[in-house]
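No lab work stands behind these numbers, since they all come straight from the coordinates. In this text, all values refer to a predicted model and were calculated from it rather than measured experimentally. Backbone-built Cβ (ideal geometry, glycine too); neighbour counts: all protein chains shown.
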Amino acid sequence: MTQTTPPSLYAAQEPVFPRKVSGKFRRLKWWIMLVTLGIYYLLPWIRWDRGPNLPDQAVLLDMAGRRFYFFWIEIWPHEFYFVAGLLVMAGLGLFLFTSALGRVWCGYTCPQTVWTDLFILVERWVEGDRNARVRLWKAKWDFHKWRLRLTKWAIWLAIAMATGGAWVFYFTDAPTLARDLLRFDAHPIAYGTIAVLTATTFVFGGFLREQVCIYMCPWPRIQAAMMDPDTITVAYRDWRGEPRGKHRKAIQPAETAPRGDCIDCMACVNVCPMGIDIRDGQQMECITCALCIDACDDVMDRIGKPRGLIDYLALSDEPAERAGAAPKPLWRHVLRPRTLFYTALWSLVGVGLIYALFMRSDMELAVSPLRNPTYVTLSDGSIRNIYDVRMRNKHSEARVFQLSVTGDTGVQLQLEGQAEGRSILVPADRTYLQRVYVTAPRRDPAATQARSEIRIWVEDTATGTRASQETTFNGKAE
Amino acid sequence: MSDHTEKNVDEVTGVETTGHSWDGIEELNNPMPRWWLWSLYATIVWGIAYTIAYPAWPLISGATTGVLGWSTRADVARDIETHNAKNGPLVEQLLATEMNRLPENPDLLRYAVARGGAVFKAQCSQCHGSGAAGFKGYPNLLDDDWLWGGSLDDITYSVRHGIRNDTDDDARFSQMPAFGEFMEKEQIRGVAEYVYSLSNSDADAVLAASGQPLFAEQCAACHGETGLGDREQGAPNLADAIWLYGGDRESLIHTITYSRFGIMPAWGQRLIEADVRAVSAYVHGLGGGE
């Protein structure tokens, strides 16, 4: 073994200067950027009338009031399973899309991709396209370079602040908070959140970019498990492109061995925001943004070769294509047991959530028996059980709820703090805790059995809506 | 990359190796980005700064306090102060209100009950149980049977002065004689059977009848002709379904023979006035308050 200096275990970040590209995928990405950023920045400003006592912001995560509002849907803390269900659907959706279409999430809609795209747009606008940026990068730090750099950073910072600023509007009334923020009168947490998100947006979108995808994000490492040879992904048809070589207008047949279609123009490499060469095959770094397809198609058009040297394709088609046969149609790649299974699971959760959403009532109750002690003997020998009844009034006005109990036996219900009445005024949009006593007379079956089933009812006296919950009555077993 | 030296390159992957080799297995070198290394150093610097700013390094007694002077204890003290300040007006109101009139002010009552619940858990649950259901000899506070009265005023008096203690001259006091000292066992069995018959239908009628005259003679002064008890003397109702020391024949004979003498401390001597009132309101609200 020859003596060598030990190699460095750390590498400097290789700068990437993506060149401008146009084509159908670039256009698609602009539209997706417009829609996703539009939703993100504008959603908190949409108003939605819910009545007098409720906020009128269409999308509001009211942490302090413990309510999530999404247009006509209001989620209470005990309904958090809706959020969990949506997260499960998001996860399954990601599995589905990755197994069918590869890393489309990474390439088109991931916030890291969208904001980096926006930052590169600013960069190109201020500093010029790839060649100008490479020159500027190598140039000395003179006035010209400082001016361009500071301009770029200032615009980035403005975007980053808007990003962090928009985030906090989801958590409280947006117009009020905007006014407070400008008066330097808002809660420190709002400023802190904006500061942190401004910093992360600025650093991740401006400087770390592909490093986030390669070194920070777990998804590139997991996605391999979701993909198989039938997954549609961005790939290079090396059977068509190789052997690559510089383009010549007129090829003398005798001069050289047959050439592939790739003219080694590096267009695919130069436009790549990840700084990789798609011709090296599938790579963890590839976010399948498809910009290399646009770049290559453009070159193929110009040299008069068919498009699709770099293309969305399924790797399982390679043998057929090598043999000159046509690839399988797209739908036969996408529709396969795996994707159908993910779709079925995703739909199952979705249908369950929609069902649960429509089964919800504007009035609910939860009965929790107090079991310390399990029962109380009263002086006349009757047996009392105590229950905490939580009544939820989801209306925007106060309602009078009437409580009652049913069972096979002669149990009686009494409200704590009231000798006779069974009615409670529950304020708007609130949960009201009422302790109730259920009493069985001395020789009643419920008083002498260890357990009997009873049902506690709540009736909204304004609408006649009823809700109930079954619970257990503990007797003094003899 | 510059080719300044010869590199060890793995033939299969084409990746440079570190030059380390174990039994012929060579370690590939896929270098980490350098900013990653810098972020590691940054966390180390942060960690050191943190241990300077906040309590961290253990010493022989105690630990460094940190230059920011932060402590959880001070946080708690501040929290308590904040809450006391916030509740100040309610406490004043509680002290100024007659106990029997407390229910007229629902907000104040809610505060008193909440505060009293905390006092109860800390001070009363050892004898009366955390659910206030009591134990043998320690009354159940959830039921509607009261030895010394179940109104807010009665309960507050019992809490403040206690029962049969020798520290408070105003403590509620009464004493049942140990009848074993001057009654025959047979007589006690008769009295016990009579008491048993007051609330049970399966009593021995002959035996109970033999105890009745003795009951009228010895017991009725406190427990009443019909055994309904007397709250003035803390004499229990013997005709109801609730028994502090057990209502079976054996327990009754034991009680009559040896007597009972339940004691409760005078909480007015141990708690501040607001807590005495609060815990009384809590006990009153447990379900049996009158």
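The charge dipole of chain B, taken about its Cα centre with unit charges on the Cβ of Lys, Arg, Asp and Glu (plus for the first two, minus for the last two), comes to roughly 740 debye.
Across the options A:Leu101, A:Trp146, A:Val88, the greatest Cα extent toward the positive end of the charge dipole of the stretch A:24-224 (unit charges at beta carbon of Lys, Arg, Asp, Glu) belongs to A:Trp146. Our coupling estimate for the stretch A:43-60, obtained by passing each phi through the Karplus curve with A = 6.51, B = -1.76, C = 1.60 and θ = phi - 60°, is 3, x, 8, 6, 9, 8, 6, 10, x, x, 9, 10, x, 10, 8, 4, 10, 9 Hz, Gly and Pro reported as x. Rg and Dmax of the stretch A:1-102, based on Cα coordinates, read 23.5, 82 Å. Applying a length cut-off of 18 Å (Cα extent along the axis) and a mean Kyte-Doolittle floor of 0.0 to the DSSP H helices of chain A leaves A:24-42, A:81-101, A:111-127, A:143-169, A:188-203, A:291-303, A:337-359. Entry note, chain B: the mean residue ellipticity at 222 nm calculated from DSSP H runs of n ≥ 4, each adding -39500 (n - 2.57), is -14000 deg cm²/dmol after division by the residues and rounding to the nearest 500. For the stretch A:331-336, backbone phi angles converted through the Karplus equation (6.51, -1.76, 1.60; θ = phi - 60°) give residue-by-residue couplings of 5, 6, 7, 6, 7, 9 Hz, Gly and Pro being listed as x. Annotation for the stretch A:117-162: trypsin sites (Lys or Arg not before Pro) lying in DSSP loop with at most 12 further Cβ atoms inside 10 Å of their Cβ are A:Lys140. Which of the trypsin sites (Lys or Arg not before Pro) found in the stretch A:218-247 are loop residues per DSSP with 10 or fewer other Cβ atoms within 10 Å of their Cβ? When the trypsin sites (Lys or Arg not before Pro) of the stretch A:218-247 are filtered for loop state and at most 10 Cβ neighbours within 10 Å, A:Lys246 remain. For A:Thr465 and A:Trp125, FRET efficiency with R0 = 45 Å and r from the beta-carbon atoms, rounded to 0.05? Once rounded, the FRET efficiency stands at 0.15. Volume per residue for the stretch A:24-224 equals 164 cubic angstrom (convex hull of Cα atoms). Could you list, in their original order, any pairs among A:Lys476/B:Lys136; A:Lys29/A:Lys138; A:Lys476/B:Lys121; A:Lys24/A:Lys145 whose Cα atoms are separated by more than 23 Å? In this structure, A:Lys29/A:Lys138; A:Lys476/B:Lys121; A:Lys24/A:Lys145 exceed 23 Å between Cα atoms. Radius of gyration (Cα atoms) of the stretch A:363-474, expressed as a multiple of 2.2 N^0.38 Å: 1.07.
Computed about its Cα centre, the charge dipole of the stretch A:363-474 is approximately 180 debye, with only Lys, Arg, Asp and Glu carrying charge at their Cβ. Quick one: in the stretch A:121-262, what % of C-alpha pairs are over 19 Å apart? Across the stretch A:121-262, Cα pairs with separations above 19 Å total 73 percent. Apply the a/c threshold of 1.5 to the C-alpha gyration tensor of the stretch B:118-206 and tell me whether it is rounded, prolate or oblate. Verdict is prolate for the stretch B:118-206.
Computed packing ranks the peptides B:22-29, B:234-241, A:328-335 as B:234-241, A:328-335, B:22-29, most packed first, by mean other Cβ atoms within 10 Å.
Exposure proxy for A:Phe204, A:Phe169, A:Phe70: other Cβ atoms within 10 Å of each Cβ, ordered fewest to most, give A:Phe70, A:Phe204, A:Phe169.
Relative contact order of chain B: what whole-number percent is it, with Cα pairs under 8 angstrom and at least 6 residues apart?
21
For the protein assembly as shown, the share of DSSP beta bridges that are antiparallel, to the nearest 5, is 95%.
Our summary gives chain A a relative contact order of 14 percent, counting only alpha carbon pairs under 8 angstrom and 6 or more residues apart. Excluding residues on the same chain fewer than 8 positions from B:Lys185, give the aspartates and glutamates whose Cα lies under 15 Å from its Cα. Here the aspartates and glutamates satisfying the reach criterion relative to B:Lys185 are B:Glu193, B:Glu250. I need to check one value: relative contact order of the stretch A:294-399, counting alpha carbon pairs closer than 8 Å and at least 6 residues apart, in percent. Once normalised by length, the contact order is 16 percent.
Straight-distance candidates among the lysines for linking to A:Lys246, with alpha-carbon spacing under 16 Å and chain neighbours fewer than 8 residues away dropped: A:Lys305. For the stretch B:165-177, 3J(HN,Hα) computed residue by residue from phi via the Karplus equation (6.51, -1.76, 1.60; θ = phi - 60°) reads 8, 10, 9, 10, 5, 8, 4, 5, 9, 6, 8, 8, x Hz, glycine and proline entered as x.
Based on every Cα atom in the stretch B:179-258, Rg and the maximum pairwise Cα distance Dmax equal 11.4, 32 Å. Farthest toward the positive end of the dipole of the protein assembly as shown, out of B:Pro31, A:Ile222, B:Thr43, is the Cα of B:Pro31, where the dipole comes from beta carbon charges about the Cα centre. In summary, the aspartates and glutamates within cross-link reach of A:Lys152, defined as a Cα separation below 12 angstrom excluding same-chain residues under 8 places away, comprise A:Glu123, A:Glu127. The eigenvalues of the Cα gyration tensor, multiplied by 5 and square-rooted, give chain B an equivalent ellipsoid with semi-axes of 73, 29, 17 Å from largest to smallest. At R0 = 60 Å, how high is the FRET efficiency between A:Ala477 and A:Ile222 if r is their beta carbon distance? Nearest 0.05 is fine. Computed FRET efficiency for A:Ala477 and A:Ile222 comes out at 0.60. If you take the alpha carbon atoms of the stretch A:257-349 and fit the smallest convex hull around them, that volume is 145 Å³ per residue.
Basic side chains Lys and Arg get +1 at the Cβ, acidic Asp and Glu get -1 at the Cβ, and with that the dipole of chain A about its Cα centre reaches some 1440 debye. Only helices enter the 222 nm calculation for chain A: every DSSP H run of n ≥ 4 contributes -39,500 (n - 2.57), and dividing by all residues gives -11500 deg cm²/dmol, rounded to 500. Each Lys or Arg adds one and each Asp or Glu takes one away; over the other residues whose Cβ falls under 13 Å from the Cβ of B:Arg115, this sums to +1. Evaluated over the Cα positions of the protein assembly as shown, the convex hull gives a direction-averaged projected area, one quarter of its surface, of 54.7 nm².
Measure nothing but the geometry: give the 0 to 90° angle between the long axis through the Cα atoms of B:249-258 and the longest principal axis through the Cα atoms of chain B, rounded to 10°. Once rounded, the angle reads 80 degrees.
Neighbour counting of Cβ atoms within 10 Å sorts the residues B:Tyr282, A:Tyr342, A:Tyr355, fewest neighbours leading, into A:Tyr355, A:Tyr342, B:Tyr282.
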